Each structure stands twice: as C-alpha cells, then as structure tokens.
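Everything on this sheet refers to the single structure shown next.
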Amino acid sequence: MKNTEIISVNSLTKRFPMGLGEFTALNGIDLTITKGEFSGVVGPSGSGKTTLLNIIGLLDNPTDGDAVILGSSSRALSVREAAILRRKHLGFIFQTYNLLPVYTVFENAEFPLLLLKMTAGERKRAVLDALEWVGLSDKVGSKPAQLSGGECQRVAIARAMVKRPEIVLADEPTANLDAENSHHILRTMLKLNEDLKTTFLFATHDDKVISYLKRKITLIDGKVSRDETIIR
Amino acid sequence: MIKFIIKGLLRDKHRSRLPLIVVAIGVMLTVLMTTWITGVLGDSINLNAKLSTGHVKVITKAYRESMDQIPVDLSLTGTKALITELKKDYPSASWVERIQFGGLLDLPDENGETKSQGPFAGIAVDLFNPSSGEAERLNLNRILVNGRLPSASGEILVSHSFAEKLGISINDRVTFIGTTMYGGMTIVNFTVAGTIRYGITALDRGSVIMDISDARNALEMEDACNEILGFTDVEYYDDSKASELMESFNDSYASDNDQFAPVMIRLRDQNDLGGLIDMMSGVVGIVSFVFILVLSVVLWNAGLIGGLRRYGEVGLRLAMGEEKGHIYRSMIAESLAIGTAGSVIGIALGLSLSYLLQQKGLDFSSAMQNATMLMPGVFRTRITPEAWYIGFIPGIIATVLGTMLAGIGIYKRQTARLFKELQS
C-alpha cells in the first residue's frame with residue numbers, strides 16, 4: 001500500500017444467505033482511496049453501496065477478498081481491534097442522524113470523546129470547535145427534538161468530526177433533507193475536507209451529493225462499473 | 001461516562017421508570033413479607049414462650065418423658081434452692097416457677113349440690129409478687145373480660161367461655177377437684193375473681209389461673225413445682241442463647257441419673273416449635289429467593305423490551321467504536337443504579353407499611369376462634385435489623401440478572417445486524 005492510500009479494497013466479495021441460495025451484494029471489488037479524497041460510491045438501490053461502506057467501516061466482514069483500512073486488514077482485525085480502530089479513526093454519518101434523543105447537542109457531540117477517555121477540558125474545547133465548524137454554537141444546550149432536520153444532521157457531522165478522524169463514512173446523509181439543508185451540510189463537509197484534510201466517502205444516489213464529489217465510483221450489481229475523477 | 005449514563009437514566013423515563021416501579025414494588029413486598037412472617041411467627045413463638053414453654057424450661061427427667069400429660073407427681077422438688085442456683089449461675093435470665101395441672105371445676109348450687117362441672121387445665125403462677133412480672137407476661141390485664149385479677153389467696157381466674165359454659169359468675173365459689181403430687185385426692189374451694197379470654201380456643205375452652213401458693217396448698221407441692229421457666233434477656237426467642245444456656249445447665253447435671261434430677265429443655269424442643277423456628281430463620285432466604293426469581297423474570301422482560309427500543313442506540317455506539325463488552329457493562333451499571341434506587345424506595349415503602357402494621361396490627365381473632373395452635377389473635381409485623389437491608393438482595397440481584405439476561409442479545413446479534421437496525 002502506498003503512503004497516501006488509506007483505504008484499499010482487494011477482490012472484495014460479500015454474499016448474504018437468501019432463502020436456500022445466496023445473494024451476492026459485492027462481487028470482486030478492487031478500490032483504493034487516498035488521504036483527503038471527497039469521493040462517493042454511487043449507484044441504484046441494491047447495488048451494494050451500503051454493504052461496501054459497512055465493510056470499509058469495519059462493521060461487517062467480507063466473504064472473500066480484503067479491505068485494508070489505515071494499514072489494517074479487516075480479515076486480521078479482531079472484533080476488539082476493529083472497535084478501537086473505529087473509535088479512533090473513523091466517523092460515521094447516517095441518513096437518519098441517529099442522535100441520542102435524551103442528550104443535548106453538546107452531549108451528543110461529546111459522546112465519541114468519552115470513549116476516547118479525554119479529559120473534560122479537552123472534550124469541551126473539541127466539542128465547541130466542532131459545533132462552530134457546523135454553525136451550531138448557539139444550540140449547545142438544545143435537545144434533538146428542538147432542532148430541524150438540517151440542524152440534526154449538522155450535529156451528526158459534528159459528532160463524526162469531533163475526534164478529527166482520518167475517514168468519515170457518510171451513508172445517504174442528505175436523504176432526509178430538503179435541497180437547501182442538503183447544500184448547506186455538503187458545503188460544511190467539503191470545507192472540513194479542505195481545512196482538516198479528512199477523507200470523506202459517501203454512499204449515495206442523490207444528485208445533490210454527487211454534484212459535490214471529486215471522485216465518483218459507480219456500483220452496478222455489486223461491481224465497479226465506472227470510477228471517475230471529477231475536476232471542479 | 002458514569003455521569004453520562006446517569007444523565008441518560010434520569011432523562012429517559014422509558015428506560016428507568018418501569019424497572020424502577022417493578023423493583024420498588026418487589027422490594028416493598030419482600031420487606032413486608034419478611035417483617036410479616038417474622039412478626040407473626042415471632043409473636044406465636046413469643047406467646048408460646050410466655051404461656052407455656054419459656055425460652056428454656058427446667059423439669060425433671062421423668063417429667064420430660066411424659067410432659068404432654070403434665071404429671072404433677074413427677075415435679076421438681078427443692079425448687080427454692082434450684083431457683084437460687086439458677087439466678088446465681090445465670091443472672092441475666094429471669095426464672096419463674098409454674099405449676100401446670102389439670103382437674104375438675106365444680107359449681108355447686110345453693111344446697112351445695114353440683115350445678116355444673118367441667119375439666120380444666122390450670123396454670124399456677126406467682127401472681128402476688130409484682131417483681132415476678134408474671135401478670136404482665138401473661139397479659140392478664142388485657143385479657144381480663146369481667147371482674148378483677150386475684151388479689152388474695154383463694155381467688156382464681158377462669159376462662160370466659162368456660163365460665164359461661166358452667167354458668168359461673170364473678171365472686172361465685174367453685175370447687176377444684178384434683179390429685180395431689182403424692183397421688184391423693186384434693187378438694188379445695190376458690191372464689192372466681194374474674195374471667196379472661198386469650199382468643200385461643202385451646203386455652204379458652206377450659207382454663208384456670210391461680211397464684212402458685214394456692215396451687216401448692218391444693219396440690220401439696222410445698223417447695224415444689226413441675227416447671228421452672230427461664231426467659232433470656234432478649235424479647236424474642238434466641239435459639240443460640242437458649243441452646244448455650246441449656247448445654248451449660250445440663251452439663252452440670254450430666255452425672256445425675258436420678259429420674260427426678262433437673263434437666264433443661266429449650267423452647268424449640270416443645271410443642272413442635274422447632275419447625276416454626278426453622279421456618280422463621282429460613283423465611284428471609286425463601287422470600288428473597290422467590291422475589292429474586294419473580295423480579296428477574298419481570299425485569300428480564302422489561303430489559304428485553306427496553307433493549308429492543310435501544311437497538312438503534314446500541315448500533316450507534318458500536319459504530320462509534322464502543323466495544324460490546326463495554327456496552328453490556330454500561331447497561332449493567334445502569335441496572336445497578338436502578339436496582340439501588342428502586343431498592344431504597346421499596347425499602348422505605350416496605351418499612352413504612354411494616355411500621356404501620358407493627359403498631360396497629362391486623363385483628364384476625366374472629367378467624368382464629370377455632371385455632372388449636374397458640375397463635376396471637378392480632379397479627380403484627382416485626383421490623384428486624386435485616387428488614388433494613390434485605391430488600392437490596394432481590395432489588396439489585398434481580399435487576400442486574402434481568403439486564404444480564406436481556407443484554408445477551410447484544411452478544412448474540414451481529415454488529416452489522418445491529419447497525420442495519422440502526423439505519424432502518
């Protein structure tokens with residue numbers, strides 16, 4: 001693996017049992033993502049986007065082949081080692097935000113830092129920075145129920161970014177947002193990508209997201225059908 | 001992290017309210033059941049001790065063999081010296097002489113002929129010596145129905161229903177017909193000073209209480225009695241204290257093989273009370289076990305429902321890099337907090353109700369009319385030191401156990417599956 005490659009997917013295959021047979025979600029995928037990319041896996045529903053993201057995020061294991069994340073092979077990592085790698089270096093953004101409803105904006109963003117056992121002072125600084133990046137400094141004490149969908153997704157971005165991970169995996173992050181909010185959060189993520197050099201990998205079929213990508217990897221029936229670099 | 005968990009618990013009522021209510025109710029019932037059973041059994045044992053068995057009892061070896069027949073001819077003699085010796089050797093205990101005997105009570109008409117007659121069981125106690133404490137021990141002032149307590153020689157108390165059955169009125173002269181310690185017949189007249197009601201059929205059917213000096217005269221038992229009752233310095237019977245006392249006393253008479261040699265027996269050796277004592281000491285364990293079992297099943301289900309509701313949260317935490325074990329442990333820590341809080345609330349409620357029932361009691365005397373056991377008519381709880389902490393055992397163990405069982409689902413489910421549920 002070259003120095004700048006932080007994700008390397010080699011002959012990756014994932015099959016799921018289905019009835020008496022099997023369904024092949026990913027079929028021998030080869031892919032390399034370098035540091036600082038703002039790229040996305042695109043394709044229709046059922047093409048294997050989320051499955052690929054789950055394997056790269058060490059949430060699922062491949063049937064065949066391998067995914068090497070930050071130099072660690074998914075096949076060689078134990079469950080505990082995978083959790084540690086996720087905790088330290090990976091951030092996740094979900095379609096449904098998945099904020100913890102009983103906690104405030106500050107506490108939701110703070111949660112990943114609690115797992116890293118940072119001191120209260122360090123946590124406070126990092127959370128306030130992250131909320132400033134996403135423009136929610138005035139909402140620290142609000143609960144998710146008091147926020148709009150766009151604001152909730154911005155909290156989710158702050159939560160993913162607060163520990164300054166190497167990679168952020170975003171699965172359909174704009175699916176529940178209107179156009180204005182979608183553009184807002186995409187601009188926010190693009191800025192973080194440029195300022196902090198964080199690698200963003202999206203799974204999406206939303207044209208608004210695709211319009212921001214610098215690299216578009218198209219999956220059809222579990223195979224990479226196109227891999228294009230977009231110059232903007 | 002602990003602060004974070006506690007915040008979540010306090011704010012998420014769905015997560016804490018149901019288990020808290022279940023634990024509080026379960027613990028309250030545990031405390032109430034424990035104090036209730038301890039109280040009722042303890043009072044029954046206490047009643048037996050006061051009326052009949054003492055905490056320990058000194059009798060002759062021969063009397064022990066046929067104690068259920070209360071044979072006065074097998075009584076202890078030289079009891080003044082024996083009482084002095086007991087008081088000297090075991091000064092912390094109280095020692096009283098009693099004579100239990102049987103006979104016929106005859107009510108004559110104006111011509112001196114028998115008007116009515118019936119058999120009775122008599123208890124002779126030291127009534128005229130206030131320092132003996134026997135009137136208080138037998139609760140005579142409370143159970144007195146008509147008349148007054150005997151204040152002079154020749155006066156007796158008769159159980160109320162027995163008096164009604166024979167047609168005896170207060171101040172009537174009645175005749176006791178019985179057998180002396182030496183086998184002779186004795187006929188002595190007494191005046192009925194009052195009538196009493198124990199609320200226990202076995203006693204109310206036909207009993208007579210008189211001063212021990214009168215019984216001694218009637219039964220020719222000078223310096224003799226058939227039972228010396230000992231009461232240790234604790235209000236409720238303490239089996240280990242009684243056993244210690246018994247072993248010490250019996251050791252000193254071990255070499256005396258005379259059938260009239262004194263021997264000490266414990267309360268547990270009499271009237272089948274051993275089983276009751278064993279039940280009482282085991283009751284705390286049994287009640288705790290039953291409530292741990294029941295609460296665990298309920299909380300297991302509550303945990304499963306809560307766990308289903310929190311699959312999304314678990315998936316998120318896994319995605320963020322929290323380990324399954326850590327999530328599992330944090331859920332157990334949550335349950336520990338709920339268990340402790342629920343136990344404190346449950347114990348407070350349980351003790352409050354127990355205190356109320358200890359003071360007021362529940363009157364079952366009408367239902368106990370036909371009871372043949374010596375049991376109190378009013379059932380009361382009894383708050384023992386263990387009632388203050390017993391609730392924590394089912395409260396905490398059941399909550400943690402229920403969560404542990406429910407939480408196994410976290411381990412059984414694949415991370416990807418949990419994550420998928422998070423996304424759905």
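All of the numbers you see were taken from the coordinates with simple rules; none came from a lab. Given the structure is predicted, the values throughout are model-derived calculations rather than measurements. Positions of Cβ are generated from backbone atoms using ideal geometry, with glycine treated the same way; all protein chains shown enter the neighbour counts.
What to note about this one:
- One Cα centroid belongs to segment B:390-407, the other to segment B:108-175; the line between them spans 57 Å.
- Summed side-chain charge close to A:Gly48 - residues other than A:Gly48 whose Cβ falls under 9 Å, Lys, Arg +1, Asp, Glu -1: +2
- Stretching the chain fully between B:Thr114 and B:Ser243 yields a gain of 41.6 nm (0.36 nm per residue, less the alpha carbon separation).
- Max mean-square fluctuation residue, GNM over chain B, Cα-Cα springs under 10 Å, options B:His55, B:His160, B:His326: B:His326
- Modelled label reach - B:Lys80, point 7 Å along Cα→Cβ, segment B:200-243 residues with backbone N closer than 20 Å: B:211-229
- Each Lys or Arg adds one and each Asp or Glu subtracts one; over the other residues with Cβ under 15 Å from the Cβ of B:Asp214, this totals -4.
- Taking only Cα atoms of segment B:102-202, radius of gyration then Dmax in Å: 13.7, 41
- Considering only B:Gly325, B:Gly407, B:Gly194, the Gaussian network model of chain B with Cα springs below 10 Å gives its largest mean-square fluctuation to B:Gly325.
- Computed label-point distance, nm, for sites B:Asn271 and B:Ala152 using a 7 Å Cα→Cβ extension: 3.4 nm
- Mean Cα-pair separation over length for chain B, i.e. relative contact order, pairs under 8 Å, 6 or more apart, %: 28 percent
- Backbone HN-Hα couplings from phi across segment A:75-83 [Karplus 6.51/-1.76/1.60, Hz, Gly and Pro as x]: 6, 8, 7, 7, 4, 5, 5, 5, 4
- Note on the protein assembly as shown: percent of Cα-Cα distances in each 10 Å bin, starting at 0 and stopping at the bin with the largest distance, equals 3, 13, 17, 13, 9, 7, 7, 8, 8, 8, 5, 2, 0, 0.
- Taking label positions 7 Å along the Cα-Cβ direction at both A:Arg215 and A:Phe16, the computed distance is 2.6 nm, reported to one decimal.
- With a cut-off of 18 Å on the backbone N, the residues of segment B:276-297 near the modelled label site 7 Å out from B:Thr384 along Cα-Cβ are B:276-292.
- Each Lys and Arg adds +1 at its Cβ and each Asp and Glu adds -1 at its Cβ; summed about the Cα centre, segment A:26-177 shows a dipole of about 520 debye.
- Highest-MSF residue in chain B out of B:Leu299, B:Leu316, B:Leu203 [GNM, Cα springs under 10 Å]: B:Leu316
- Charge sum, other residues only, whose C-beta stays under 15 Å from A:Ala67's C-beta, Lys/Arg counted +1 and Asp/Glu -1: -3
- Compactness of chain B was expressed as the Cα radius of gyration divided by 2.2 N^0.38 Å, which yields 1.40.
- Label separation (B:Ala261 vs A:Ser225): 10.8 nm, computed from points 7 Å beyond Cα along the C-beta direction.
- Within chain A, percent of DSSP bridges classed antiparallel, to nearest 5: 55 percent
- Rounded FRET efficiency, nearest 0.05, which uses the C-beta distance separating A:Asp207 from A:Leu128 and R0 of 51 Å: 0.90
- With helices as the sole contributors, chain A gives -10500 deg cm²/dmol at 222 nm; each DSSP H run of n ≥ 4 counts as -39500 (n - 2.57), and the sum is divided by every residue.
- Segment A:16-36 and segment A:95-161 have their alpha-carbon centroids 33 Å apart.
- In segment A:1-75, the alpha-carbon atoms span a convex hull of 85 Å³ per residue.
- Were the residues from B:His326 through B:Ile5 laid out at 0.36 nm apart, the gain over their Cα-Cα distance would be 114.3 nm.
- Rounded FRET efficiency, nearest 0.05, which uses the C-beta distance separating B:Gln359 from A:Lys117 and R0 of 51 Å: 0.45
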